[in-house]
1. Name every residue in the stretch 93-108 that is in contact (Cβ under 8 Å) with a residue 12 or more places away in the chain and surrounded by 14 or more Cβ atoms within 10 Å (Cβ to Cβ), in order of residue number.
2. If a residue must be among the β-branched types (V, I, T) and either assigned by TED's automatic domain parsing to the domain that holds F66 or closer than 13 Å to V35 by Cα (or both), how many such residues does the stretch 1-22 contain?
3. Look at G89 and say whether it is buried (at least 19 other Cβ atoms within 10 Å of the Cβ) and more than 12 Å from the chain's Cα centre (by Cα).
4. Across the stretch 18-63, what is the total count of residues that are among the small types (G, A, S) and surrounded by 14 or more Cβ atoms within 10 Å (Cβ to Cβ)?
5. Hey, among D106, D121, D129, which residue is under 29 Å from A46 (Cβ atoms) and charged (D, E, K, R)?
6. In contact (Cβ under 8 Å) with a residue 12 or more places away in the chain and part of a helix (DSSP H, G or I): does that describe N62?
7. Do any residues in the stretch 78-92 that are outside the structural domain of N127 (by TED's automatic domain parsing) have Cβ atoms under 6 Å from those of residues that are surrounded by 13 or more Cβ atoms within 10 Å (Cβ to Cβ), where the two are at least six apart or on different chains, and which pairs are they?
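The values are calculated or read from the model by the stated rules, or taken from the named source; none is laboratory data. Remember, predicted model here, so these are calculated numbers, not experimental data. Don't worry about glycine lacking a Cβ; one is built from the backbone with ideal geometry, like all the others, and counts go over all protein chains shown.
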Amino acid sequence: MKNNIPGWTIHIDEISNGAFKVTLIDSFGRKAEVVDNASDQTITKAKEYAFDIERKVPKSWNKFLFDFCVTNISDKNIVTKRYDENVFGSWFIELLDNRFVYDGRDLIFTKQIFKDNIWTDRESIKNDDLRYSNLLDLLNL
């Protein structure tokens, strides 16, 4: 399974027959760890923990969120992307028919679609409601 959490490395160790320890570690030594059976859900749960750890560091959250989105939509055609530290860490990533916008001041993530020659909001999520799984779902809508 691909590691789609930027800045984190993933380690999977079998600690006993059928029991695995999934550990994600970032460059600061922070860990997100789950011990369970060998399943994709175990790995996903560890990634969710790492995502939540990142959320607790407000200074770097906006840049992490930008990098996370770029990483997870990289297989699609990104037309343009811009992260702007000077505008509260606001950013956008534009595809041919979708655009993802993060308002760093109001802390709102918005997916827009290109329809009738204008960008129209399709769905918005407040920062407090962003989770690993719902953000991945929104990136793949």
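1. I93, E94, L95, N98, R99, F100, Y102, D103, G104, L107, I108
2. 3
3. Answer is yes for this residue.
4. The number of residues fulfilling the criteria is 3.
5. D129
6. yes
7. none
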